[in-house]
Amino acid sequence: MERQTIQNSVSLTFLPSDKFKRNRISISFIVPNEREKATMYAVLPTLMERGYEDYPDMCMFSKKLNAMYGSNFSATTSVVGQNRVLRFTMQGIKNQYCINGENLMAEMVDVLLGVIFRPCVEDGGFINDWLEVEKVKLREEIEGEINEKRGYCIKNAQRKFFGDNKNGVERLGYLEDIDEITPAELYNCYKELISDSIVEIMVTAESDETIKDKFIAAFADRKQATEPVLPVEIMPQTEVQTYTESMDIVQGKVCLYYTVKRALTEDERYAMLVASAIYGGTASSRLFKNVREKQSLCYYCAAAYNGFSGSMRVDSGVEHENCEKAIEAMQAELKNLIEGEITEKEINETKLVLLNSLDAVHDGLHGLEAWYLNEAIRGTWTSPEQVKARVEAVTEQEIRDVLSLLHLNVIYKLTK
């Protein structure tokens, strides 16, 4: 890995890998996850995917990508802790596989920079017809969330847990804001994003001076980012708040949200990785074996810890009449891990699952890039191999200690 700062608030990282016949280039713009701009951040990537000045409609842009040996372009928005990440990505075959000796890598960079810096505009704003189409699609996506009941329950529990905190600002924005977005307002938001954000460029290839020079030139006039990457903010513990939503559904849903109450140390972070997996992160976890298999209280039951927000959620699908029993059983399993026996076999099996998942980071270009982007946001720059060593060193007592930090803030039930 080679990493360097190439302009104000712009870092370039080369992540070479010989395992693949394709290269991946991504440019990520990182800003605070502000409620006021959330809906514009949600619609902006899909709008910019349509084309740019050189290829000003979807058909022309698609033909261009096909001519580049079927290269792929994508633009996405995501929430990472208190931060919003807008990522623009190109992926295509390595130069050595081009039939006529083309420098496809350089061409992919040119297209990527073209999309980012030369979008299609009219009358001082984005193209209104394009925007109206994307607004309809965004509205349909937000309104469609209710159709997937598991995700809907998790979303609502998350909303209650985070409240107005930046961690909880919606990735897709808000229905009430969609109609208010104008082409000029969205274009101003785009310009602020380009000029004020922290930029992480990831290239899954060997260091290349030609590519590096293109990025240096593209960001030459940039000023320093107005906001740093925001750190982990832990939600304070509260009295347990229980919410019940009635809905005519066959299978009830339950979601519990915990906070760790304070920022974890590095050692505690790796202990929590193991602890949450033992509790509900694998097919041999306590929740799966005891709540689902032995007690037959649910159809599924899983726990997931989010280190960027210091929160753990537990979600489950249940028979309506078993809802309360399942919640009690989930809490009992956590208490048993803290106070009861944790076998060496249980710990070793869980570590093996985690070690295999860490090995899998190198099995795909997207996984490799995503890993180091998260590390850049976290500010730790730890490799999967280093994490493996930390995971292997986690002890039984460390597992108990870190689980004892968890405090239940929210219970959300979706039932008849």
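Can you pull out the residues in region 362-374 that are open to solvent by 20 Å² or more (accessible area, probe 1.4 Å) and either modelled with pLDDT of 95 or more or closer than 18 Å to residue 308 by Cα (or both)?
Filtering region 362-374 for residues open to solvent by 20 Å² or more (accessible area, probe 1.4 Å) gives 362-364, 366-367, 370-372, 374.
367, 370, 371, 372, 374, listed by residue number.
In region 44-70, the residue that is farthest from residue 104 (Cα to Cα) out of those that are in a helix (DSSP H, G or I) and basic (Lys, Arg) is 63.
Yes/no matrix, rows are residues, columns are (1) of a type in the set (Phe, Trp, Tyr); (2) open to solvent by 20 Å² or more (accessible area, probe 1.4 Å); (3) more than 30 Å from residue 105 (Cβ to Cβ):
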{"residue": "190", "(1), (2), (3)": "yes, no, no"}
{"residue": "220", "(1), (2), (3)": "no, yes, no"}
{"residue": "228", "(1), (2), (3)": "no, yes, yes"}
{"residue": "238", "(1), (2), (3)": "no, yes, yes"}
{"residue": "241", "(1), (2), (3)": "no, yes, yes"}
{"residue": "257", "(1), (2), (3)": "yes, no, yes"}
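Filtering region 267-297 down to residues that are more than 20 Å from residue 345 (Cα to Cα) and in contact (Cβ under 8 Å) with a residue 40 or more places away in the chain, which residue is surrounded by the most Cβ atoms within 10 Å (Cβ to Cβ)? Don't jump to the end; show me each part of the working.
Of the residues in region 267-297, the ones more than 20 Å from residue 345 (Cα to Cα) are 267-269, 292, 295-297.
Next, only the ones that are in contact (Cβ under 8 Å) with a residue 40 or more places away in the chain stay: 267-268.
On the way: 267: 15, 268: 18.
That would be 268.
In this structure, does residue 180 turn out to be closer than 16 Å to residue 34 by Cβ, assigned to a helix (DSSP H, G or I) and at pLDDT 95 or above? When the stated conditions are applied, residue 180 does not pass them. Applying the set (1) open to solvent by 40 Å² or more (accessible area, probe 1.4 Å); (2) at pLDDT 95 or above to residue 57 leaves exactly one unmet item: (2). For region 1-50, a tally of residues being in contact with a Lys or Arg (Cβ under 9 Å, 6 or more places away or on another chain) and free of Cβ contacts under 8 Å to residues at least 24 places away in the same chain returns 1. If the condition is being of a type in the set (Val, Ile, Thr) and either open to solvent by less than 50 Å² (accessible area, probe 1.4 Å) or not in a helix (DSSP H, G or I) (or both), then region 339-361 contributes 342, 343, 347, 350, 361. When residue 375 is tested against (1) more than 16 Å from the chain's Cα centre (by Cα); (2) in a helix (DSSP H, G or I), exactly one condition is not met: (1). Assessment of region 246-253 against the conditions (open to solvent by less than 10 Å² (accessible area, probe 1.4 Å) and either assigned to a helix (DSSP H, G or I) or of a type in the set (Ser, Thr, Tyr) (or both)) yields no matching residue.
Among the residues of region 1-24, those that are in a strand (DSSP E or B), open to solvent by less than 40 Å² (accessible area, probe 1.4 Å) and either farther than 28 Å from residue 166 by Cα or among the acidic types (Asp, Glu) (or both) comprise 6, 14, 23, 24.
Within region 188-209, the set of residues being touching a Pro at 6+ places or on another chain (Cβ under 8 Å) and either of a type in the set (A, V, I, L, M, F, W, C) or within 21 Å of residue 85 (Cβ to Cβ) (or both) comprises 190, 198, 204, 205. Of all residues in region 369-416, those that are out of contact with any strand residue (DSSP E or B) (no Cβ under 7 Å at 6 or more places or on another chain) and of a type in the set (A, V, I, L, M) total 10.
Comparison of 217, 277, 283 shows that the only residue that is within 21 Å of residue 342 (Cα to Cα) and modelled with pLDDT of 95 or more is 277.
The values are calculated or read from the model by the stated rules, or taken from the named source; none is laboratory data. All figures in this text were calculated on a predicted structure; none of them were measured in a lab. As a convention, Cβ positions derive from the backbone with ideal geometry for all residues, glycine included, and neighbour counts pool all protein chains shown. These accessible areas exclude ligands, DNA and RNA; they are computed on the full protein's heavy atoms, side chains included. Shrake-Rupley method; radii C 1.70, N 1.55, O 1.52, S 1.80 Å.
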